1. Please report, in cubic angstrom per residue, the volume enclosed by the convex hull of the alpha-carbon atoms of segment 26-92.
2. In Å, what Rg and Dmax follow from the Cα atoms of the chain?
3. Calculate how many DSSP beta bridges within the chain are antiparallel, expressed in % of all such bridges and rounded to the nearest 5.
4. State to the nearest 20 debye the size of the charge dipole of segment 33-169 about its Cα centre, where the only charges are +1 on K and R beta carbons and -1 on D and E beta carbons.
5. Could you pull out the chymotrypsin sites (Phe, Trp or Tyr not before Pro) across segment 78-128 that fall in loop regions by DSSP (anything but H, G, I, E, B) with no more than 10 other Cβ atoms inside 10 Å?
6. So, how do all the Cα-to-Cα distances of segment 56-181 break down into 5 Å bins, in percent, from 0 on up?
7. Counting pairs of alpha carbon atoms under 8 Å apart in space and at least six apart in sequence, what relative contact order in percent does the chain give?
8. Bin width 10 Å, alpha-carbon pairs only: give the P(r) of segment 119-188 as whole percents, running from 0 to the bin holding the largest distance.
Amino acid sequence: MDKMIRLSVFRFDPEAGDKPFMQAFEVPVTKPGMKLLDALNYIKWHIDGTLTYRRSCGEGVCGSDGLNINGVNGLACITEIAGLKQPIHVRPLPSMLVIRDLVVDMDHFFDQYRQIKPWMQTSTPVPEHERLQAPQDRAKLDGQYECILCGCCTTSCPSWWWNGDRFLGPAALLQANRWIVDSRDEATGERFDQLEDAFRLYRCHQIMNCMEACPKQLNPTAAINHIKRSMLKRQS
Ligand code: FES
């Protein structure tokens with residue numbers, strides 16, 4: 001008989017009118033190196049087709065399956081079952097409005113991302129060819145651009161839990177820094193102006209949950225500190 005994995009999965013169906021509850025499941029180990037997403041897929045395809053969760057790439061690229069796994073945020077598709085204490089507690093990302101089961105409402109998260117204007121802004125004439133960037137300037141984007149917007153960092157941040165209506169949170173601020181350090185962007189002053197606010201930026205209190213939670217090993221705290229230091233420099 002296959003070795004079995006025990007899971008305890010958050011369930012909530014607002015249309016049924018029931019309260020949320022944790023449901024126990026047992027699924028077989030179906031392959032070596034099995035991931036948590038494989039277990040959720042097994043439940044959906046073989047045990048309970050109503051289990052609802054997001055996933056797409058299955059490779060840690062799309063960022064759609066951020067979950068709280070045994071109390072720690074991470075991506076189901078790259079989290080190995082073997083390293084997890086059982087029963088594996090699987091919950092939606094913390095502090096988020098639950099739409100159904102493991103699916104949360106990401107609208108506010110993406111609205112905050114849009115607020116930092118995550119695109120290159122320029123005022124100089126468009127060059128005949130592309131805007132060039134020296135290799136050493138391109139290197140400054142490493143550790144910034146790889147964010148997949150899964151929300152694992154932002155939803156692990158107590159400052160965002162308490163002030164998420166006004167504090168932009170680690171993911172949006174990491175992306176703000178990504179454009180601030182981009183040598184081709186010409187709106188750095190406006191970007192600083194937009195962040196110069198007691199809540200939008202300065203509600204980061206260096207708790208550092210974000211860097212622990214990031215499945216891409218990025219460091220939003222360092223990015224936020226870089227923004228703060230750069231803003232201090234422009235004041236002096
Ligand atoms: Fe795309 Fe996990 S399914 S990141």
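None of the figures in this text is laboratory data; all of them are computed from the coordinates on show. Predicted model, so just to flag it, every value in this text is computed and none were measured. Quick reminder, even Gly has a Cβ in these numbers, built from the backbone with ideal geometry, and neighbours come from all protein chains shown.
1. With only Cα atoms used, segment 26-92 gives 86 Å³ per residue.
2. In order Rg, Dmax, the Cα atoms of the chain give 20.3, 70 Å.
3. 85 percent
4. Charge dipole of segment 33-169: 220 debye, to the nearest 20.
5. Here the chymotrypsin sites (Phe, Trp or Tyr not before Pro) that fit, given the DSSP loop and packing criteria, are 119.
6. Values per bin, smallest distances first: 2, 10, 16, 19, 18, 13, 9, 7, 4, 2, 1, 0.
7. 18 percent
8. 18, 39, 27, 13, 2
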